[in-house]
Amino acid sequence: MFTKILIANRGEIACRVAATAHRLGIKTVAVYSEADANAKHVAVCDESVLIGPAPAKESYLRADKIIEVALATGAQAIHPGYGFLSENEDFAEACAKAGLVFIGPPASAIRAMGSKSAAKALMETADVPLVPGYHGDNQDASFLQQQADRIGYPVLLKASAGGGGKGMRIVEKSEDFKAALDSCKREAINSFGDDKVLVEKYLTRPRHIEIQVFADTRGNCVYLFERDCSVQRRHQKVLEEAPAPGMTPERRRAMGEAAVAAAKAVGYVGAGTVEFIANQDGSFYFMEMNTRLQVEHPVTEMITGLDLVEWQLRVAAGEPLPKKQDALRIHGHALEARIYAENPEKGFLPSIGTLRHLHTPPAVNFELGKGVAEGRPAAIRIDSGVRAGDAISPFYDPMIAKLIVWGEDRAEALAHMSQALADYQVVGLATNVAFLKRLVESGPFSQADLDTGLIERNRDALFPAPQAATLPVLALAAASLLAAERHSAANDPWADTSGWRMNGQLVRSLDFGDDAGRHLLRIGYARDGWRAGYDGRDALMTLVAEDGGQLVIKLDGATVRGTVVRDGDKFHVFTGGAHYPLDYNDPLAHAGEAEAEGGRLTAPMPGKIVAVLAEKGSTVEKGTPLLIMEAMKMEHTIAAPANGTVEDLLYAVGDQVAEGAQLLAFKAA
Ligand code: MV4
């Protein structure tokens, strides 16, 4: 076995590979770009070497640099992860030339699966089922039309050099064929520089079912069963699961054996995935082979109890496969959800920013190489390359984590996924967490009515109109605001000795907003708590417990729990498994900001000082409430406009102040 490997990747997959390497006592070398100097994958590896600027072309795709680093650090092998150089046959070859082991298939196998039509021709000779169609060299338009007529409509025209859905045309009837062919060829030549097309029977509600295969250098090849990845959006996988719902043992064996035949036909070695497109009746056809470890490999690990990276390392080191086909079993059901920094409400636009707050469900009951401990119902695994405080940059894939759950059966796995998504909190950028939760809880997905059009067909249920914040949500935000004021207050507004709370019927109006509109929450101070008024309701609100951002409040006796995270002018309320981002409009904080340059915080209108929260000489953070004044029957909080020092207090509780009067002397740090 190797004693040191280089991981030519970043993010979660680099961390994933390092975890197994360390478990097996293998040292790891990380490579990183300038954008990743403080990244998790650098922290978890034993050594790290900077290989270039942020753009992947100048760092993670620099085959020459990476090989140079491997040789300089004494690594014996290179694991490419997925993406970047993982399916680059020239890189695989260059590794071998340099005397390094490429932890992946031979360059010849990558090449053989690279061209769609050549791969199909090869699969045909290996008796791997293909979609009825024509993928030959004759590109004469009337010949192709004859082929389409023979196959029967609808047919699908595909650019031979295409991929990811580009250069495809559905043709419904013979009369439309010529125009569709011209248009398909135009797109193919523009996109791929090659206008060769193939004609296939069009499957109207296909499923994407793929088989994990593994081969060693001694002629052994097994299948590690299937994954159903039908739930996709624009050819990006969203949810993956294993086993595939509805799969019979007979069909599993047929697909597995077809996948092994495909791998053997190209002299495959290592981890590979054979993708099939399947009809609703279960009939299946070869689509392509991915010659790498895939993003969704953990669902296979969860149901087999195997560590696929361990297998990759053993095979690359020349060892035989650890298990034979008849020793492989499926146990339970696993689901994976890809958590992305993206905005589903804005066309899934990537969302760039810092993970200001990250709370995840605890990883439980799973160990790499051991699988799920028997007799315990739940297992949750999170594969991630980022930590709280890290940034999602525009340079790389914006995936935050893979959330993987396991249950004895699909219904149990689904329930765990739903709960785990409810417990997944991110502040700092937009994520698809709420979308994923709606998706796993939707009728079609929970009933396993799967096909590649599931998301498109269920748009209405998956993209509901924005829900307006309710009183419990606003009350949690208000309680967090009031609690923060208490913590930073010299004058504790919660204590019975507080002069201003005893002052009578002061009402303060908190101005929140969300996508559904503006919400004014009236807070009145009462002897036994507050009155919280919103939308015609007036409830007695008390704080039961507060720990960090975790709050328990009571509203007219009903307990409400939640987590509130303040990020500048936004309050993020997490309660009942949902995330409510609220804009908080604190006009006085902004009024103060404009004045802050001169070191003065002034009264925006005439009023009375009702609380002095800051102490003279204290150092405070930006946003810390310093003083509360009452003006026009409303309370206004004067907050620190920046990190700085309260140099002098100019008023006391009960004092009247004139408009424009300086309230305190503040010096920004
Ligand atoms: C198809 C098909 C229906 N019939 N071929 C899309 C990407 C490319 N790799 C193959 N694709 C498809 N080929 C026939 N004959 C439907 C798709 C397809 C699809 C396939 C797998 C996963 C998601 C998909 C989404 C849309 C279309």
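Only the coordinates and a few stated rules stand behind these numbers; no lab work does. None of these values were measured; they are calculated from a predicted model. Glycine also receives a Cβ, built like all others from the backbone with ideal geometry; neighbour counts cover every protein chain displayed.
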Under a crude label model (7 Å from the Cα following the beta-carbon direction), how far is residue 621 from residue 283 in nanometres? 6.3
Using 10 Å bins from zero, what percent of all Cα-Cα pairs in segment 617-669 falls into each bin? 25, 53, 22, 1
Quote to one decimal, in nm, the extra length available between residue 250 and residue 182 on full extension: 0.36 nm per residue of separation minus the C-alpha distance between them. 20.3 nm
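Output the antiparallel fraction of DSSP beta bridges having both residues in the chain, as a percent to the nearest 5. Walk me through the numbers on the way to the answer.
Details: 129 of 143 bridges.
That works out to approximately 90 percent antiparallel.
Given 0.36 nm per residue, what is the gain on full extension from residue 257 to residue 34 after removing their alpha carbon distance, in nm? Intermediate results must be reported in sequence, preceding the final value.
Values: separation 223, 0.36 × 223 = 80.28 nm, distance 4.51 nm.
Length gained, residue 257 through residue 34: 75.8 nm.
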Residue-wise HN-Hα coupling along segment 267-278, computed from phi with Karplus coefficients 6.51, -1.76, 1.60 (Hz; x: Gly, Pro): x, 5, 9, x, 8, x, 10, 9, 8, 10, 10, 10
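Tally Lys and Arg at +1 and Asp and Glu at -1 over the other residues with C-beta under 11 Å from the C-beta of residue 556: what net charge comes out? All intermediate terms of the calculation are to be shown ahead of the outcome.
Values: positive: 531, 537, 554; negative: 538.
Its environment carries a net charge of +2.
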Virtual spin-label span in nm between residue 661 and residue 507, 7 Å along Cα→Cβ: 2.5
Under 5 Å between amide H atoms, partner at least 5 residues away or on a different chain: which partners does residue 276 have, H built in plane at 1.01 Å? 209, 210, 211, 287
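Kindly state, to the nearest 0.05, the FRET efficiency for residue 190 paired with residue 141, given R0 = 22 Å and r defined as their beta-carbon distance. It would help to have the intermediate numbers written out before the result.
Working: r = 18 Å, r/R0 = 0.84.
FRET efficiency, residue 190 to residue 141: 0.75.
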State log₁₀ I(q)/I(0) for segment 121-164 at q = 0.27, 0.29 Å⁻¹ as given by the Debye formula over alpha-carbon point scatterers of equal weight, solvent excluded. -1.17, -1.21
Grab every C-alpha pair in segment 201-322, bin the distances at 10 angstrom width from 0 up to the longest one, and report whole percents. 13, 47, 32, 7, 0
Exposure proxy order (Cβ contacts within 10 Å, fewest to most) of 237, 324: 324, 237
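Over the chain, what relative contact order in percent results from Cα pairs under 8 Å that are six or more residues apart?
It rounds to 9 percent for the chain.
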Karplus ³J(HN,Hα) for segment 344-350 (6.51 cos²θ - 1.76 cosθ + 1.60, θ = phi - 60°; Hz, whole; x = Gly/Pro) runs x, 6, 10, x, 6, 4, x
Rh (Kirkwood; distinct C-alpha pairs) - segment 266-369, Å: 17.4
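When the helices in the chain are scored as -39500 (n - 2.57) per DSSP H run of 4 or longer and the sum is shared across all residues, what 222 nm value do you end up with, to the nearest 500 deg cm²/dmol?
On the way: 18 runs with 179 residues, N = 669.
Rounded to the nearest 500, it is -8000 deg cm²/dmol.
Using a Förster radius of 41 Å, what is the FRET efficiency between residue 423 and residue 173 based on their Cβ-Cβ separation? Nearest 0.05, please.
On the way: r = 51 Å, r/R0 = 1.25.
Using R0 = 41 Å, I get an efficiency of 0.20.
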At a Förster radius of 51 Å, what calculated FRET efficiency corresponds to the Cβ-Cβ distance of residue 98 and residue 373, to the nearest 0.05? 0.75
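Only Cα pairs under 8 Å and at least 6 apart count here; give the relative contact order of segment 174-269 as a rounded whole percent.
Details: 102 pairs, mean separation 20.3, N = 96.
About 21 percent, as a whole number.
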How high is the relative contact order of segment 25-157? Use alpha-carbon pairs under 8 Å, at least six apart in sequence, and give a whole percent. 13
With a bin width of 10 angstrom, please list the P(r) values of segment 6-110 as percents of all Cα-Cα pairs, from the 0 bin to the one holding the largest distance. 16, 54, 28, 2
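Please state the equivalent ellipsoid semi-axes for segment 39-191: what are the square roots of 5 times the Cα gyration tensor eigenvalues, largest first, in whole Å?
Working: eigenvalues 370, 62, 29 Å².
Over the Cα atoms of segment 39-191, the ellipsoid semi-axes are 43, 18, 12 Å.
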Under 14 Å from the Cα of residue 346, which aspartates and glutamates turn up, not counting those fewer than eight places away in the same chain? 515
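Restricting things to Cα coordinates, could you compute the convex hull volume per residue of the chain in Å³?
Values: hull volume 127.5 nm³, N = 669.
Output value, Cα hull per residue: 191 Å³.
Considering all projection directions equally, how large on average is the shadow of the alpha-carbon convex hull of segment 101-196, in square nanometres? Can you show the working numbers first?
Details: hull surface 28.9 nm².
Value for segment 101-196: 7.2 nm².
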Give, rounded to the nearest 20 debye, the magnitude of the charge dipole that the chain has about its Cα centre when Lys and Arg contribute +1 at Cβ and Asp and Glu contribute -1 at Cβ. 740
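Could you line up 470, 602 from fewest to most neighbouring Cβ atoms inside 10 Å? Don't skip to the end; give the middle numbers.
Working: 470 15, 602 18.
If I rank by nearby Cβ atoms, fewest first, I get 470, 602.
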So, in nm, how far is label residue 448 from label residue 552 when the simple model puts each one 7 Å beyond its Cα toward the Cβ? 4.0
